[in-house]
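Everything below concerns the one structure shown next.
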Amino acid sequence: KIRVRLSLQQREKLATCPVSKRLFSLMHTKATNLCLAIDYEEGERILELADKAGPFVCAVKVHADTIDEFNESWTSKLVALANKHDFLIFEDRKFADTGNTLSMQVKRNAASWADIVTVYGIAGEKSIRSAFQPIIADPSTRLKGILLIAQLSCEGNLCDTEYTNGTRRIAEANQDIVCGFITQEKISDKLGLIHWTPGVSLDETTDGKGQQWRSVEKAIMEQQNDIVIVGRAICNKTTPASELRRYRDAAWEALSAAMPK
Ligand code: 6AU
């Protein structure tokens with residue numbers, strides 16, 4: 001069953017988080033709702049694929065703490081690619097701590113080079129808001145929004161309904177700094193918030209380490225997510241370039257089917 005949603009341009013007007021406005025606009029312009037998770041350890045290899053992927057993606061997601069040559073020279077090269085291709089840089093650090101600690105961690109590890117970072121709702125609204133609001137409001141930092149982790153894709157995870165609902169409430173009450181969610185299914189009716197979903201593959205269902213993959217169609221049409229985050233299903237193939245096109249097309253087709261013509 002296809003449920004009609006608002007267009008990306010209509011939702012751009014409803015969004016208040018600065019990174020969401022930019023994201024809705026670039027998704028519409030580039031016709032893509034694909035986020036590529038590049039989980040290579042070699043920094044140069046990540047940059048090479050990010051350059052190839054640029055035209056097909058709305059965001060490139062990395063884990064800074066898993067990259068061999070992670071330093072300022074590397075981040076400045078990634079920023080140059082993001083500017084060249086107009087995609088967001090997404091540091092998937094999954095922050096979770098008290099406000100003061102969060103603030104110090106974010107300033108040192110992400111604020112200057114990433115557009116968006118992941119944060120667990122676990123520490124509560126006050127810690128999250130007090131850490132991120134001043135950083136996002138600071139014109140000299142690149143960071144312009146956060147994604148709250150509402151649900152996880154892995155088997156046996158401990159994100160129960162109470163946690164998910166509490167996280168949704170924090171997001172809905174802080175839309176000036178929260179872009180949306182990392183989730184498996186749509187959890188909020190606030191149309192300015194964006195549902196990003198990992199755990200997507202068109203060829204496999206599990207990695208044997210707890211990860212659970214399902215199709216693009218299920219993630220977008222059935223579970224009503226907006227953006228698919230795809231990693232190894234693209235990056236570990238011998239021809240990532242053709243997989244990029246395949247996933248971009250499948251994701252965009254599924255999202256377009258639910259939008260007004
Ligand atoms: O497609 P994969 O399984 O190769 O990669 C999925 C990526 C990985 C995970 O660290 C991340 O998405 N992820 C997340 C995120 C984005 O926060 C949450 C989650 O529930 N599952 C998940 O796989 O880089």
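So here's what we get for this one:
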read-out: Under-5 Å amide H pairs with Ile194, H placed in peptide plane, nonlocal only; value: Gly180, Phe181
read-out: Net charge over other residues, Cβ less than 15 angstrom from the Cβ of Ala173 (K, R count +1; D, E count -1); value: +1
read-out: For region 19-165, convex hull volume per residue from C-alpha positions, Å³; value: 125
read-out: Per-pair calculated FRET efficiency, R0 = 35 Å: Asp176 and Asp51 via Cβ, rounded to 0.05; value: 0.60
read-out: Chain lengthening between Gln10 and Lys218 when straightened (0.36 nm per residue, less Cα-Cα); value: 72.5 nm
read-out: Karplus (6.51, -1.76, 1.60) ³J(HN,Hα), θ = phi - 60°, over region 32-46, in Hz, Gly and Pro reported as x; value: 8, 10, 9, 10, 9, 8, 9, 9, 8, 7, 8, x, 5, 5, 5
read-out: Most mobile of Lys126, Lys13, Lys94 in a GNM of the chain (Cα contacts under 10 Å); value: Lys126
read-out: C-alpha center-to-center spacing [region 13-91, region 121-154] in angstrom; value: 18
read-out: Amide N proximity, region 183-204 versus Gln133 label position 7 Å along Cα-to-Cβ, cut-off under 16 Å; value: none
read-out: DSSP-defined antiparallel bridges as percent of all bridges, the chain, nearest 5; value: 5
read-out: Entries in Lys30/Lys94; Lys30/Lys237; Lys84/Lys126; Lys84/Lys107; Lys21/Lys52; Lys77/Lys261 that, when Cα-Cα distance is taken, lie over 30 Å; value: Lys84/Lys126; Lys77/Lys261
read-out: Region 1-149: relative contact order in percent, alpha carbon pairs under 8 Å with at least 6 residues between; value: 19
read-out: Cα-based Rg and Dmax for region 194-235, where Dmax is the largest Cα-Cα distance (Å); value: 9.9, 29
read-out: Cα-derived Rg to Rh of region 197-261, Kirkwood definition; value: 0.98
read-out: Dmax and Rg, reported as Rg then Dmax, of the chain (C-alpha, Å); value: 16.9, 48
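Read-outs: derived from the displayed coordinates by stated rules, not from any lab. Every value quoted in this text rests on a predicted model; they were computed, and no experiment measured them. Heads up, the Cβs are rebuilt from the backbone with ideal geometry, glycines too, and the neighbour counts pull from every protein chain shown.
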